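The values are calculated or read from the model by the stated rules, or taken from the named source; none is laboratory data. Keep in mind that this is a model prediction, so the values were computed, not measured. Neighbour counts are summed over all protein chains in view; Cβ atoms, including those assigned to glycine, are modelled from backbone coordinates with ideal geometry. Ligands, DNA and RNA are stripped out before the accessible areas are found, and what is left, the full protein with its side chains, is counted by its heavy atoms. Shrake-Rupley method; radii C 1.70, N 1.55, O 1.52, S 1.80 Å.
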2 protein chains.
Amino acid sequence: LVRSMSLRLDDFPHTGTLIYDSTHALIPAAAISTLAAEKLSEAIRVKGKATVSIQMSCQTLPDVPSFNVIGEIRGSERPNEFITIGGHLDSWDVGHGAHDDGAGVVQSMDVLRLLQRIGYKPRHTIRCVLFMNEENGLRGGKAYAAEAIRKAEKHVCAIESDAGGFTPRGFSFEGDDAVFATLFQRMKALEPLFEPYGMKFSKGGSGADISPLRSTKALLSGYQPDSQRYFDYHHTADDTFDKVNKRELELGAASMAALVYLIDKYGL
Amino acid sequence: LVRSMSLRLDDFPHTGTLIYDSTHALIPAAAISTLAAEKLSEAIRVKGKATVSIQMSCQTLPDVPSFNVIGEIRGSERPNEFITIGGHLDSWDVGHGAHDDGAGVVQSMDVLRLLQRIGYKPRHTIRCVLFMNEENGLRGGKAYAAEAIRKAEKHVCAIESDAGGFTPRGFSFEGDDAVFATLFQRMKALEPLFEPYGMKFSKGGSGADISPLRSTKALLSGYQPDSQRYFDYHHTADDTFDKVNKRELELGAASMAALVYLIDKYGL
């Protein structure tokens, strides 16, 4: 039994993936809510022991076909060079998956809408990818990267939004060692354009779905919103639509669109 | 009729102060919700005119005595030099006044609690002032400054939290022209200690309640949390306790305590 990984005290257990290794028996395991953990700890403290009864209904079903959903604006100068933005379609469906990752899905689609709205004709192909199966195996992200390699699609940059629809705080960047230092230095030249909005560029993780693109030498970026509330909602029945603030969500999409625009226009 | 000053579309009218000048008749006035304003605009657009029926129950009652609430930790070296922190007790009571300004009240009290909790003995007197009547005349702030001047209390710095209990983004500073440039420069030397937490120090407004202290040459500071949600709730029936995130609120109190500690320990 694990205490859910949240600083908030509430009644929502946080679900997620359990990984077994080959050396241990496949025992049942569960995360309990923070309030339940407080009660259990108190019971053990007072009485020295506690008996817990838990009813679980989760099961692993056979694989079925599923799909990434892809839309793009073809590049006018370099149609076979891609700037990819994305989030993931699947969620732990105890809730709506609103912040994880409905927000990233909406923002990624919105980047294309915003670029079209201002009448911008991108030089590179701007591709929005809504990845499938991020939470439980990364099949969508792996298949996307395999297809990109098979088709010799050059990925300039991939940006993922998978940290919630909160106020923008910046972008993190990572990539193949051989190219990262140079590319990150070029991105840092753009950072002053984002700083007036309270955004910083840092070296750090990008996103699970785009991580298989690392071997293509693409620069990988993670959209970084304010992080204080994400793990209150993440993987719980409380990750519902009403927890997303429309303006904060839109600011994230606008930030991603601005970064895509700059990379497209001025190159890496 | 005024459209409420919010970017959110909802049914909450935002209340506030109406100021008449002597050259115009005292006509009734009201703010309507953003959704009501959309409906009204649409009706006028379609039909060319609209008839509105509004029932209002607000009234101005005679003055009654009310009070600032003050608590302090006496300074060990300079007890008659004050670092003041505060928020305001009164609110537009259509809601709880949770963000405006219950958050500032709780955070200001929490600064004293945090300094005591770590066993810190301040050099200056650290004073928490919960101001009365911010929303409707600033009587508490004016009376506090008048008393400070009457008692020759030297105010080194005053910090107000009155922008909601959201994630910390920084502090703004202002003050008497003759002293501000020097004091702000000294504060900027502390800014690198806050930057890792995404906080910046800027020149700008502080807080209504502490503004009458400007003439005492005190440095005035406003705690600046993330601003995206404040005007969704501000002055509405929706400014309720459940809209405050405990961790975001605590981070604000911790930020204020850190600033007070640094000013107290190293002086201005």
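Scanning the range A:30-57 for residues that are over 25 Å from the mean Cα position of the chain (by Cα), at pLDDT 90 or above and outside any helix (DSSP H, G or I) gives A:GLY48, A:LYS49, A:ALA50, A:THR51, A:VAL52, A:SER53, A:ILE54, A:GLN55. Cβ separations smaller than 8 Å between residues 6+ apart or across chains give no pair from the range A:180-199 residues that are over 16 Å from A:GLN224 (Cα atoms) to residues that are open to solvent by less than 30 Å² (accessible area, probe 1.4 Å) and at pLDDT below 95.
Residues are listed down the side, and each one gets a yes or a no for (1) assigned to a helix (DSSP H, G or I); (2) open to solvent by 40 Å² or more (accessible area, probe 1.4 Å):
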position: A:HIS155; (1), (2): no, no
position: A:THR182; (1), (2): yes, yes
position: A:GLU195; (1), (2): yes, yes
position: A:PRO212; (1), (2): yes, no
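Could you tell me whether any residue of the range B:102-111 is in a loop (DSSP other than H, G, I, E, B), in contact with a helix residue (DSSP H, G or I) (Cβ under 9 Å, 6 or more places away or on another chain) and under 21 Å from B:LYS265 (Cβ atoms)? Checking the range B:102-111: not a single residue is in a loop (DSSP other than H, G, I, E, B), in contact with a helix residue (DSSP H, G or I) (Cβ under 9 Å, 6 or more places away or on another chain) and under 21 Å from B:LYS265 (Cβ atoms).
Scanning the range B:106-118 for residues that are touching a residue at least 60 places away in the same chain (Cβ under 8 Å), open to solvent by less than 50 Å² (accessible area, probe 1.4 Å) and not acidic (Asp, Glu) returns B:GLN107, B:SER108, B:VAL111, B:LEU114, B:LEU115.
Residues are listed down the side, and each one gets a yes or a no for (1) away from chain B (no Cβ under 14 Å); (2) of a type in the set (Asp, Glu); (3) open to solvent by 30 Å² or more (accessible area, probe 1.4 Å); (4) farther than 25 Å from A:PHE231 by Cβ:
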| residue | (1), (2), (3), (4) |
| --- | --- |
| A:TYR120 | yes, no, yes, yes |
| A:THR125 | yes, no, no, yes |
| A:ALA158 | yes, no, no, no |
| A:GLY175 | yes, no, no, yes |
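Being over 23 Å from the mean Cα position of the chain (by Cα) and within 14 Å of another protein chain (Cβ to nearest Cβ) is a property that does not hold for B:ASP21. Scanning the range B:214-239 for residues that are closer than 11 Å to B:PHE173 by Cα and not in a strand (DSSP E or B) returns a single hit, B:ALA218. Residue count for the range A:89-105, restricted to those that are surrounded by fewer than 21 Cβ atoms within 10 Å (Cβ to Cβ), in contact (Cβ under 8 Å) with a residue 24 or more places away in the chain and not hydroxyl-bearing (Ser, Thr, Tyr): 4.
Any chance the range B:62-74 includes a residue that's assigned to a loop (DSSP other than H, G, I, E, B), within 14 Å of chain A (Cβ to nearest Cβ) and of a type in the set (D, E, K, R)? Among the residues of the range B:62-74, not one is assigned to a loop (DSSP other than H, G, I, E, B), within 14 Å of chain A (Cβ to nearest Cβ) and of a type in the set (D, E, K, R), which makes the answer no. Only one of (1) closer than 26 Å to B:SER172 by Cα; (2) surrounded by fewer than 15 Cβ atoms within 10 Å (Cβ to Cβ); (3) within 14 Å of chain A (Cβ to nearest Cβ) fails for B:LEU9. Which number is that? Here B:LEU9 clears every test but (1). Filtering the range A:59-68 to residues that are within 24 Å of the chain's Cα centre (by Cα) and loosely packed, with under 10 Cβ neighbours inside 10 Å leaves A:THR60, A:ASP63, A:VAL64, A:PRO65.
Looking at this structure, is B:ASP162 open to solvent by less than 30 Å² (accessible area, probe 1.4 Å) and in a loop (DSSP other than H, G, I, E, B)?
On the way: open to solvent by less than 30 Å² (accessible area, probe 1.4 Å): no; in a loop (DSSP other than H, G, I, E, B): yes.
Spelling it out, it is not the case that B:ASP162 is open to solvent by less than 30 Å² (accessible area, probe 1.4 Å) and in a loop (DSSP other than H, G, I, E, B).
Summed over the range B:214-236, the residues that are among the hydroxyl-bearing types (Ser, Thr, Tyr), within 14 Å of the chain's Cα centre (by Cα) and either open to solvent by less than 20 Å² (accessible area, probe 1.4 Å) or on the phi > 0 side of the Ramachandran plot (or both) give a count of 3. Each residue in the range B:1-28 was checked for being of a type outside the set (Phe, Trp, Tyr), under 22 Å from B:ASN133 (Cα atoms) and touching a Leu at 6+ places or on another chain (Cβ under 6 Å), and 0 of them qualify. Screening the range A:242-261 for residues that are open to solvent by 20 Å² or more (accessible area, probe 1.4 Å) and away from chain B (no Cβ under 14 Å) and picking the one that is nearest to the chain's Cα centre (by Cα) gives A:ALA258. State yes or no: is B:GLU147 within 14 Å of chain A (Cβ to nearest Cβ), surrounded by fewer than 21 Cβ atoms within 10 Å (Cβ to Cβ), over 15 Å from the mean Cα position of the chain (by Cα) and free of Cβ contacts under 8 Å to residues at least 40 places away in the same chain? The answer is no for B:GLU147.
For the range A:20-40, the tally of residues that are more than 18 Å from A:ASN136 (Cα to Cα) and surrounded by 10 or more Cβ atoms within 10 Å (Cβ to Cβ) stands at 9.
If you take the residues of the range A:69-88 that are in contact with a strand residue (DSSP E or B) (Cβ under 6 Å, 6 or more places away or on another chain) and charged (D, E, K, R), which of them is most open to solvent (accessible area, probe 1.4 Å)? This residue is A:ARG74. For the range A:197-210, taking the residues that are open to solvent by less than 20 Å² (accessible area, probe 1.4 Å) and within 18 Å of A:TYR144 (Cβ to Cβ), the one that is nearest to the chain's Cα centre (by Cα) is identified as A:GLY207.
Taken over the range A:195-220, the criterion of being within 14 Å of another protein chain (Cβ to nearest Cβ) and either out of contact with any strand residue (DSSP E or B) (no Cβ under 7 Å at 6 or more places or on another chain) or among the aliphatic types (A, V, I, L, M) (or both) is satisfied by A:GLU195, A:PRO196, A:MET199. Just wondering, is there one or more residues in the range A:129-138 that are surrounded by fewer than 23 Cβ atoms within 10 Å (Cβ to Cβ) and among the acidic types (Asp, Glu)? Taking every residue of the range A:129-138 in turn, at least one turns out to be surrounded by fewer than 23 Cβ atoms within 10 Å (Cβ to Cβ) and among the acidic types (Asp, Glu).
Selection of the range A:224-241 for residues being away from chain B (no Cβ under 11 Å) and of a type in the set (S, T, N, Q) yields A:THR236, A:THR240. Kindly check whether there is at least one residue in the range B:165-173 that is open to solvent by 20 Å² or more (accessible area, probe 1.4 Å), away from chain A (no Cβ under 14 Å) and modelled with pLDDT of 95 or more. No, the range B:165-173 contains no residue that is open to solvent by 20 Å² or more (accessible area, probe 1.4 Å), away from chain A (no Cβ under 14 Å) and modelled with pLDDT of 95 or more.
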